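To keep things clear, I will list the structure first and then write my remarks on it.
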Ligand code: HPA
């Protein structure tokens with residue numbers, strides 16, 4: 001991933017990234033972010049090339065990576081992408097595996113979410129008016145379909161459905177919490193898909209997620225979760241993930257242009 005030199009090209013697809021892209025994005029020259037009616041976004045939107053595809057990239061944990069999941073200003077981040085007129089958003093997530101068939105390094109396109117977070121500003125109601133919108137399918141089917149086909153085209157095996165359990169963080173879960181998530185039907189666990197997905201729906205921006213499994217969730221591996229194993233999983237697999245995201249962004253950009 002590199003900073004784009006063709007600044008004149010309008011942003012088409014927005015990409016939200018966090019832990020996975022941090023090492024690359026931390027080297028990016030940052031500009032001052034512009035404020036929103038909801039406060040400051042995590043960072044200024046970056047005009048980046050992922051593979052051959054120019055995207056509007058939002059670093060949800062800030063540049064450098066310092067904002068914890070519960071402290072992210074999700075509304076400002078989504079509003080910034082909305083103001084940039086992105087036609088769709090692809091959100092990348094590093095997650096822990098709960099389901100038995102998921103292993104470190106696997107790529108998963110989730111189709112459902114259970115939200116365990118609390119106290120996060122999860123709606124634009126104050127600005128857009130009260131709206132009890134349908135959220136039965138939290139991820140847009142067209143974005144999902146392009147993420148799945150891009151993964152297959154680039155030769156990566158991909159899990160095409162999964163329920164994402166979104167926890168509050170910043171601490172990892174207890175083993176009992178993960179057992180409960182498993183009973184609830186969660187296949188993987190992360191900390192940032194909510195309220196991102198719901199805010200994108202309020203703004204009518206097609207939104208899809210792509211997850212990289214970076215550890216076995218609490219109590220499901222050989223011992224405590226180690227940051228070293230997470231960093232290693234990211235280092236080994238982020239190029240694959242970005243390749244898929246770049247392809248999907250290109251296809252979606254052509255489709256939605
Ligand atoms: N739990 C919550 N969030 C995560 C995990 C996890 O095990 N791994 C990466 N993000």
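The values are calculated or read from the model by the stated rules, or taken from the named source; none is laboratory data. All of these numbers come straight from a predicted model, not from anything done at the bench. Here Cβ is always computed from backbone atoms with ideal geometry, including for glycine, and neighbour counts include all displayed protein chains.
If the condition is being in contact with a strand residue (DSSP E or B) (Cβ under 9 Å, 6 or more places away or on another chain) and more than 14 Å from the ligand (Cβ to nearest atom), then segment 91-106 contributes only 101.
Residue-by-condition table, conditions (1) in contact (Cβ under 8 Å) with a residue 40 or more places away in the chain; (2) closer than 17 Å to residue 17 by Cα; (3) surrounded by 20 or more Cβ atoms within 10 Å (Cβ to Cβ):
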residue: 85; (1), (2), (3): yes, no, no
residue: 93; (1), (2), (3): yes, yes, yes
residue: 97; (1), (2), (3): yes, no, yes
residue: 110; (1), (2), (3): yes, yes, yes
residue: 113; (1), (2), (3): yes, no, yes
residue: 130; (1), (2), (3): no, no, no
residue: 134; (1), (2), (3): no, no, no
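State all residues of segment 45-60 that are surrounded by fewer than 24 Cβ atoms within 10 Å (Cβ to Cβ), outside any strand (DSSP E or B) and either at negative phi or at pLDDT 95 or above (or both); if no residue qualifies, say none. Once the filter is applied, which keeps residues that are surrounded by fewer than 24 Cβ atoms within 10 Å (Cβ to Cβ), outside any strand (DSSP E or B) and either at negative phi or at pLDDT 95 or above (or both), segment 45-60 yields 45, 52.
Scanning segment 62-82 for residues that are over 18 Å from residue 12 (Cβ atoms), in contact (Cβ under 8 Å) with a residue 40 or more places away in the chain and touching a helix residue (DSSP H, G or I) at 6+ places or on another chain (Cβ under 7 Å) yields a count of 3.
Of the helices (runs of 4 or more DSSP H) lying entirely inside segment 116-192, those carrying at least 2 residues that are under 16 Å from the mean Cα position of the chain (by Cα) and away from the ligand (no atom under 16 Å from the Cβ) are 141-153.
Residue-wise test of (1) surrounded by 17 or more Cβ atoms within 10 Å (Cβ to Cβ); (2) at pLDDT below 95; (3) touching a helix residue (DSSP H, G or I) at 6+ places or on another chain (Cβ under 8 Å).
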| position | (1), (2), (3) |
| --- | --- |
| 148 | yes, no, no |
| 154 | no, yes, yes |
| 167 | yes, no, yes |
| 175 | no, no, no |
| 180 | no, no, no |
| 193 | yes, no, no |
| 200 | yes, no, yes |
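Can you tell me which residues in segment 226-250 are farther than 13 Å from residue 94 by Cα and surrounded by 18 or more Cβ atoms within 10 Å (Cβ to Cβ)? Those that are farther than 13 Å from residue 94 by Cα and surrounded by 18 or more Cβ atoms within 10 Å (Cβ to Cβ): 243, 244, 245, 246, 247, 248, 249, 250. Search segment 204-225 for residues being free of Cβ contacts under 8 Å to residues at least 60 places away in the same chain and closer than 13 Å to residue 189 by Cβ, and hand back the single one that is surrounded by the most Cβ atoms within 10 Å (Cβ to Cβ). For segment 204-225, the residue satisfying everything is 219.
To keep it simple, each residue is scored yes or no on (1) closer than 20 Å to residue 152 by Cα; (2) within 10 Å of the ligand (Cβ to nearest atom); (3) at pLDDT 95 or above.
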site: 208; (1), (2), (3): yes, no, yes
site: 218; (1), (2), (3): no, yes, yes
site: 222; (1), (2), (3): no, no, no
site: 228; (1), (2), (3): no, no, yes
site: 233; (1), (2), (3): no, yes, yes
site: 240; (1), (2), (3): yes, no, no
site: 249; (1), (2), (3): yes, no, yes
site: 254; (1), (2), (3): yes, no, no
